[in-house]
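To start, the structure under review is shown below, and the notes come after it.
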Amino acid sequence: MPAAVLGGLGTYLPPRRVSNEELADRFDTSDEWIRTRTGIRQRRWADTGQSTGDLATEAGHRALKSAGLDLGADVDLVVLATTTPDHPCPATAPDVAARLGLSRAAAYDISAVCSGFVYALEVASNALLAGRAQTALVIGAETYSTILNPQDRTTSVIFGDGAGAAVLRRGEADEPGAFAGFDLGSDGNDKDLICIPDGGSRQRATHQEPGDDGRYFTMQGKKVFASAVRRMSESSAALLDRVGWPVDSVDHLVGHQANVRILRAVAEQIGIEAARAVIDIDRVGNTSAASIPLALAEASSAGTVAPGDRVLLTAFGGGLTWGSAALTWPDITAC
Ligand code: UT7
């Protein structure tokens with residue numbers, strides 16, 4: 001049976017490390033508050049002039065390398081998940097595809113905030129299964145440092161910049177790396193819980209200038225926390241049921257790195273021991289659409305995951321949106 005198969009993984013983190021102590025000098029916060037409430041010790045922020053497309057191109061290049069492909073390879077599809085595109089128009093993916101020399105690829109962005117990478121994986125997987133593509137490049141890339149409100153200590157300490165990319169190819173369901181299934185969902189009734197209020201047609205249709213604060217990312221943390229735990233747990237359970245994986249057969253839970261307390265709560269609700277949850281939020285913060293591929297690469301480089309292991313991905317973000325994916329781990333080296 002045909003399946004989408006993970007064939008390569010690449011990541012890029014901007015060099016600038018921002019410690020909790022540095023933020024404590026700037027905001028009314030402390031290393032202790034940030035560590036105990038979120039699990040974050042440091043994050044990376046892009047340098048001046050470094051855009052989401054720049055990070056995505058670097059991660060995409062490394063993913064191609066990990067898959068044994070060169071620049072200009074025969075890739076049919078590039079899907080870029082991001083909350084922070086280079087421009088409101090056009091999408092960032094065509095530029096990234098061009099910079100990677102992927103001149104014949106269809107390329108577009110997906111906007112599902114922190115669930116974006118799982119959404120993009122599902123879309124690419126469907127194209128491969130339908131025979132519309134043989135090879136796809138799926139990227140999650142963010143520069144949240146460009147949308148954080150310098151007056152908002154809560155969001156400013158959580159989010160980091162980075163990019164991760166995966167090469168998917170059309171293969172067989174019984175080979176390591178095959179995706180067994182996906183579960184996606186949304187609830188737009190709670191769209192205001194995570195939002196950049198201004199800059200889109202909702203604000204421009206009023207013919208008023210964007211407000212100072214309206215340009216920035218906002219989040220109602222407590223409500224989002226509860227929803228994230230519930231939706232990721234429910235989506236994971238639904239997917240495991242659909243693909244017929246008993247919960248104790250899951251070797252690794254790779255959840256969206258939103259908050260270490262959320263990750264522990266999701267593991268507990270699903271019934272997966274906390275030690276099987278991959279955690280890298282301490283080093284990179286919440287990188288939104290880049291979070292899942294960065295955590296996957298971290299687990300791969302650390303030797304935590306081995307070929308054939310069962311891996312469950314689950315994410316939650318603005319929209320509200322959520323999504324889960326199940327795959328067996330391939331024999332690849334992340335670059
Ligand atoms: O990636 C998309 C999905 N995102 C998420 O899933 C994030 C979900 N939410 C969270 O992770 C947590 O809600 C936060 C980390 C955002 C906040 O943690 P919390 O434990 O829910 O804190 P809180 O909002 O209830 O605030 C507790 C206290 C408040 O002070 P008072 O009212 O108790 O005096 C806040 O003003 O902590 C205060 N506070 C801070 N203190 C120091 C909020 N931010 C900070 C800060 N430093 N940075």
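A few comments on the model shown:
- Number of the condition not met by Arg16 [criteria: (1) surrounded by fewer than 18 Cβ atoms within 10 Å (Cβ to Cβ); (2) over 19 Å from His256 (Cβ atoms); (3) within 13 Å of the ligand (Cβ to nearest atom)]: (3)
- Every residue from region 152-164 that is within 15 Å of the ligand (Cβ to nearest atom) and either aliphatic (A, V, I, L, M) or at pLDDT below 95 (or both): Val157, Ile158
- When region 52-82 is filtered for residues that are open to solvent by 30 Å² or more (accessible area, probe 1.4 Å) and either among the hydroxyl-bearing types (Ser, Thr, Tyr) or assigned to a helix (DSSP H, G or I) (or both), the ones remaining, listed by number, are Asp54, Glu58, His61, Arg62, Lys65.
- Only one of the listed residues (Val284, Val278, Val260, Val229) is within 14 Å of the ligand (Cβ to nearest atom) and either more than 18 Å from the chain's Cα centre (by Cα) or closer than 25 Å to Ile332 by Cα (or both). That residue is Val284.
- Glu122 vs. criteria away from the ligand (no atom under 16 Å from the Cβ), closer than 22 Å to His256 by Cα, in contact (Cβ under 8 Å) with a residue 60 or more places away in the chain and under 21 Å from the mean Cα position of the chain (by Cα): yes
- So Gln269, is it assigned to a loop (DSSP other than H, G, I, E, B) and assigned by TED's automatic domain parsing to the domain that holds Asp187: no
- From the list Ala136, Ala98, Ala107, Ala130, the lone residue that is crowded, with 24+ Cβ neighbours inside 10 Å and more than 11 Å from the chain's Cα centre (by Cα) is Ala136.
- Residue within region 202-225 that is farther than 15 Å from Val118 by Cβ, assigned to a helix (DSSP H, G or I), under 18 Å from the mean Cα position of the chain (by Cα) and in contact (Cβ under 8 Å) with a residue 12 or more places away in the chain present: yes
- Of Ala315, Ala295, Ala326, all but one fail to be part of a helix (DSSP H, G or I), surrounded by 22 or more Cβ atoms within 10 Å (Cβ to Cβ) and either at positive phi or of a type in the set (Gly, Ala, Ser) (or both); the exception is Ala295.
- Residue in region 115-125 that is acidic (Asp, Glu) and closer than 21 Å to His87 by Cβ present: no
- Taken over region 194-211, residues that are over 24 Å from Thr154 (Cα atoms) and either within 16 Å of the ligand (Cβ to nearest atom) or among the charged types (D, E, K, R) (or both) amount to 3.
- Candidates are the residues of region 171-191 that are assigned to a helix (DSSP H, G or I) and open to solvent by less than 90 Å² (accessible area, probe 1.4 Å); the one that is farthest from Ala258 (Cα to Cα) is Gly188.
- Selection of region 22-45 for residues being polar (S, T, N, Q), open to solvent by less than 40 Å² (accessible area, probe 1.4 Å) and assigned to a helix (DSSP H, G or I) yields only Thr38.
- Residues in region 298-312 that are open to solvent by less than 10 Å² (accessible area, probe 1.4 Å) and among the β-branched types (Val, Ile, Thr): 1 in all.
- Residue in region 226-244 that is of a type outside the set (S, T, N, Q), in contact (Cβ under 8 Å) with a residue 12 or more places away in the chain, open to solvent by less than 20 Å² (accessible area, probe 1.4 Å) and assigned to a loop (DSSP other than H, G, I, E, B) present: no
The values are calculated or read from the model by the stated rules, or taken from the named source; none is laboratory data. Source: prediction; values computed, not measured. Counting neighbours? That spans all protein chains shown, and the Cβs are built from the backbone with ideal geometry, glycine included. Surface accessibility is based on the protein's heavy atoms, side chains included, excluding ligands, DNA and RNA. Shrake-Rupley method; radii C 1.70, N 1.55, O 1.52, S 1.80 Å.
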